[in-house]
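Read the figures in this text as sums done on the coordinates, not as results from a lab. Please read these numbers as outputs of a predicted model, since none were measured by experiment. As a convention, Cβ positions derive from the backbone with ideal geometry for all residues, glycine included, and neighbour counts pool all protein chains shown.
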Amino acid sequence: MRLCLLLVALLVLWPVTARADDNRPLNATVKAEGGDTYRVTWKVPANIEARHLPQLSAEECTSAEGQRNWSDPLGHWREEVWHCEGGIASKPVTIAYPFANPNLASIIRYHPGNGADPQTVLLQPQEMRFSLAEAGEERGSFLDFLVLGIEHIWMGVDHLLFVAGLIFIARTPRRVLTTITGFTIAHSLTLALSTLDLVRLPISAVEAVIALSIVFLAVEIVKGPRDTLTWRKPIFVASAFGLLHGFGFAAVLREIGLPNEGFMAALFAFNVGIEIGQVIFAISVLGTVWLLRRAGNSIGTQFPAAKATGYVVGTLASFWMFERMLV
């Protein structure tokens, strides 16, 4: 029981610093304006304090006067105009945080101009230096987008809580497998449709409903097993809400921008990364449940632990829901 209460306490404290699904990376855009002049705009997500906004600089490039800084619901921004003699391609660009990097990956979108296709550069948190390719060259490998998908699901606290709720309700390994499969197929479908721009929904509304889906599962957990569709066929609930979670995953890809060359491969890699992260998390949850049962604490039947978990998760998700509705 003490271990169960410790896990509940960690659920309370963990999202305070992470904030659900605000795991957006450092996002930078470099746009050619002609005459070796480039407009560079970058931001950190809103859950990161403005004082952590880094400085970007490129070798052999000078920054004109008139730097702009501002904040909005999307994050904290900075914009500069650079003059790079001979162009910016192949010139090393450095990301310098005033403190340590707050574990942010970096997404750089480069628009060379003159009708050339934009390119995407993906950097892991430890990578603080990069260079832009000549026009026509693509950056961003299959592995880059695979890792990005894994990071996104692991840092997306709301998605993980929803998966944990599904596991709690499904209970047996076979039902967990079918339930998670339904969730996977559903969110993969809407991820693809949204990324291909065939279907689009307001992201603030989608994220509010994602939080509502967690509230729904938390209420079911608190009330316990009953003769309802959720407990009899959790795959239906997982699939229905999975469609909305897919739009949430797609929001990250829309912000990044997929490469024109290898578009489908990058989309596939991101989705596979999400599934890998999701499977690892599911195995971890099932392993924890098994260990607790071996220790004599069955979380499926232990009233205080089940109810406490449901109330904590439901309260947290309710906060996220109202917060997102007000954005």
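Couple of notes before you dig in:
- Within straight-line cross-link reach of LYS31, lysines at Cα separation under 19 Å, skipping those fewer than 8 residues along the same chain: LYS43, LYS91
- Förster radius 41 Å - calculated FRET efficiency between THR315 and ALA96, Cβ distance, rounded to 0.05: 0.55
- Modelled spin labels at ASN69 and LYS31, positioned 7 Å past Cα toward Cβ, are 2.3 nm from each other.
- Cα centre as origin, Lys/Arg/Asp/Glu Cβ charges: segment 133-212 dipole, Debye: 700 debye
- In segment 26-139, taking the dipole from charged Cβ atoms about the Cα centre, the farthest positive-side position among PRO54, GLY34, THR94 is held by PRO54.
- Each Lys or Arg adds one and each Asp or Glu takes one away; over the other residues whose Cβ falls under 9 Å from the Cβ of ARG78, this sums to 0.
- Within straight-line reach of LYS307, meaning a Cα separation under 19 Å, sit the following lysines at least 8 residues removed in sequence or on another chain: LYS223.
- Phi-based couplings in Hz for segment 316-326 (Karplus 6.51, -1.76, 1.60; Gly and Pro marked x): 4, 5, 5, 4, 4, 4, 5, 4, 6, 5, 8
- HN-Hα J in Hz across segment 69-80 - Karplus 6.51, -1.76, 1.60, θ = phi - 60°, x for Gly and Pro: 10, 7, 10, 8, x, 7, x, 10, 10, 9, 9, 9
- Stretch gain in nm, segment TRP290-GLU85, where the contour uses 0.36 nm per residue and the Cα spacing is subtracted: 67.6 nm
- Taking other Cβ atoms within 10 Å as a rough exposure proxy, LYS43, LYS31 sort from fewest to most as LYS31, LYS43.
- Check: segment 26-139 dipole with +1 on Lys, Arg Cβ and -1 on Asp, Glu Cβ, in debye: 380 debye
- Proximity of backbone amide H atoms, modeled 1.01 Å from N, is registered between GLY113 and ALA32 at under 5 Å, excluding neighbours fewer than 5 places apart on the same chain.
- The ellipsoid equivalent to the alpha-carbon distribution of segment 26-139 has semi-axes of 22, 16, 13 angstrom, derived from the gyration tensor eigenvalues as √(5λ) and listed largest first.
- Coupling constants for segment 228-234 follow from the phi torsions by the Karplus curve (6.51 cos²θ - 1.76 cosθ + 1.60, θ = phi - 60°), and in residue order they are 10, 4, 4, 7, 7, 9, x Hz; glycine and proline get x.
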